[in-house]
Every structure is written in C-alpha cells, then in structure tokens.
Amino acid sequence: MSIADCRIIDLPIIKDPRGNLTFVESNNQIPFGIERVYYLYDVPGGSERGGHAHKGLSQFIIAMSGSFDVVLDDGKNKKRVHLNRSFQGLYVCPMMWRELDNFSSHSVCMVLASQKYDEADYYRDYGEFMRARWGT
Ligand code: TYD
C-alpha cells in the first residue's frame, strides 16, 4: 500500500429539499469493514492530533462539520489533504504516518476504523515507523 492508495472517496448524496443524506457501508463505498467509529470535537484552535501510524488499521476520515487538514507521510512522500465536506472522506491505508491540523472552529472529525482500539497497533515513534516501513 502506498500513499497513492490514500485518496478522497466521494460518498453517495441523496439530495432532498428536507436536507441531504449521505451513507457509508462496510466494504462498499470504503475498502474495509467498519469495527469502530470515533470522533474528535471541541478541538481548540491551533491543535494538532495524530502523530502516529498504524500497523494494520485502515481508516476513513470525514469532516462532519467544519474543516481540517490531514498530512500523510509514508516516510518518502508526503501529502496534505484538506477535508471540508461531509459527503467526502479520506481513505488512509495501514503503515502511513498521519498528522491532523488546521482545525476550524466547531469542526468535527469522524473516523471509521477497520479494527477495535489496540495500542499495540500504533507506531508512536517516527524512527520506529521508518525502520519498520523502509528498514532505515
Ligand atoms: P490517539 O489515537 O493518539 O488520538 P489522535 O490520533 O486523535 O491524536 O488517541 C488518544 C487517546 O485516546 C489514547 O490514550 C488512546 C485513546 N483512544 C481510545 O481509547 N480508543 C480509541 O478508539 C481511540 C482512537 C483512542
């Protein structure tokens, strides 16, 4: 899996004058089954989240409200993705260092995850991540 696999996915929109509706299903719009949902909210201005990689976890990140940036880094290539639509999300494959910043006020970051929380699945040390990813 490379940084090119980490991409924005457009979700279906059921347009309706009463309000639009968007949905996500396991292994349908996104390439994994959903085992966990978590969300970040009440994020103070200037905060940075993330700063880690996952060994096996796939994630799909949606700006449910407001906006923020996700910086992806595979150790060789980096890209910054701005999320600001509740009908789009960013697929993040395993073994990808990520940082989240540039949160707008009242932003809500919802994350769909392929596995339950497991601290053993994290690389929280960038050097350790680099050694595991590239052997350097
Ligand atoms: P972390 O994944 O480091 O947050 P972020 O990437 O948004 O900066 O998690 C922060 C803390 O919350 C850490 O102590 C683990 C805990 N946590 C859970 O207990 N369950 C979860 O599903 C998540 C995502 C985190």
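Just so you know, all these numbers are worked out from the coordinates, no wet-lab data involved. Remember, it's a predicted structure, so these values are computed and weren't measured experimentally. A quick note on method: Cβ atoms are made from the backbone with ideal geometry, for glycine too, and the neighbour counts reach across all protein chains shown.
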Residue under evaluation residue 63, criteria (1) part of a loop (DSSP other than H, G, I, E, B); (2) within 18 Å of residue 108 (Cβ to Cβ), criterion not met
(1)
Can you name every residue in the range 94-136 that is closer than 20 Å to residue 38 by Cα, within 15 Å of the ligand (Cβ to nearest atom) and part of a loop (DSSP other than H, G, I, E, B)?
94, 96, 102, 103, 107, 114, 115, 116, 117, 118, 124
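Take the range 35-50 and flag every residue that is hydrophobic (A, V, I, L, M, F, W, C) and within 13 Å of the chain's Cα centre (by Cα).
Within the range 35-50, 37, 40 meet the criteria.
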Could you please give the count of residues in the range 71-93 that are among the basic types (Lys, Arg) and either outside any strand (DSSP E or B) or in contact with a helix residue (DSSP H, G or I) (Cβ under 7 Å, 6 or more places away or on another chain) (or both)?
3
Go over the candidates 72, 90 one by one and state the one that is buried (at least 20 other Cβ atoms within 10 Å of the Cβ), over 29 Å from residue 15 (Cβ atoms) and touching a Lys or Arg at 6+ places or on another chain (Cβ under 9 Å).
72
Regarding residue 46, is this residue without any contact (Cβ under 8 Å) to a residue 60 or more places away in the chain and of a type outside the set (S, T, N, Q)?
yes
So is residue 87 under 22 Å from residue 4 (Cα atoms) and more than 16 Å from the ligand (Cβ to nearest atom) or not?
yes
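Considering only residues that are surrounded by 14 or more Cβ atoms within 10 Å (Cβ to Cβ) and in contact (Cβ under 8 Å) with a residue 24 or more places away in the chain, look in the range 14-32 and name the one that is farthest from the chain's Cα centre (by Cα). Before you say what the answer is, go through the steps one by one.
The initial filter retains those residues of the range 14-32 that are surrounded by 14 or more Cβ atoms within 10 Å (Cβ to Cβ), namely 22, 24, 29-32.
Narrowing the set further to residues that are in contact (Cβ under 8 Å) with a residue 24 or more places away in the chain leaves 22, 24, 30-32.
Details: 22: 18, 24: 14, 30: 12, 31: 13, 32: 13 Å.
Taking the candidates together, the pick is 22.
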Quick check on my filter: what residues within the range 87-132 are of a type in the set (Lys, Arg) and out of contact with any strand residue (DSSP E or B) (no Cβ under 8 Å at 6 or more places or on another chain)?
131
Set 63, 4, 53: member being free of Cβ contacts under 8 Å to residues at least 12 places away in the same chain and either within 16 Å of the chain's Cα centre (by Cα) or surrounded by 15 or more Cβ atoms within 10 Å (Cβ to Cβ) (or both):
4
Every residue from the range 68-97 that is under 24 Å from residue 28 (Cα atoms), within 12 Å of the chain's Cα centre (by Cα) and not aliphatic (A, V, I, L, M):
82, 88, 89, 91, 93, 94
